[in-house]
């Protein structure tokens with residue numbers, strides 16, 4: 001997957017009779033790295049009991065998509081996460097990133113402020129994605145101002 005040979009990786013994965021969670025994780029990460037987030041989600045849905053790493057990769061895929069459907073999936077999965085998984089700062093960061101990129105700033109802020117396990121990357125996800133939203137809003141305001149010239 002790291003070399004972009006998705007077809008070969010899929011062939012090896014699907015020919016394996018006994019798949020374990022790290023195999024799913026490796027395939028999912030490969031899909032994300034090769035900009036195939038939909039395949040990541042499809043594969044995640046095949047896992048009976050995903051671990052925190054599988055969820056992190058799923059959130060990364062949803063962050064790539066930035067769609068309402070991706071946001072709905074992030075919200076659904078985040079409600080199912082065992083509380084013990086929240087001690088993993090990477091899980092929190094990927095969840096925050098997905099929420100922010102999919103447009104649910106309020107949920108991300110609430111989760112961020114209530115979390116006891118914040119790390120530098122959590123702050124980074126909030127600031128980076130927050131700045132993207134601010135830039136978009138400022139750009140939109142400029143467009144409105146430019147399109148509204150001559151109108152009281």
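Filter region 51-70 down to residues that are out of contact with any helix residue (DSSP H, G or I) (no Cβ under 7 Å at 6 or more places or on another chain) and within 20 Å of residue 115 (Cβ to Cβ), then give me how many there are.
Number of matching residues: 0.
Go through (1) surrounded by fewer than 10 Cβ atoms within 10 Å (Cβ to Cβ); (2) part of a helix (DSSP H, G or I); (3) modelled with pLDDT under 60 one by one and return the number of the condition residue 79 breaks.
(3)
The values are calculated or read from the model by the stated rules, or taken from the named source; none is laboratory data. Not measured: the values here are computed from a predicted model. Note that we place each Cβ from the backbone using ideal geometry, even for glycine, and neighbour counts take in every protein chain shown.
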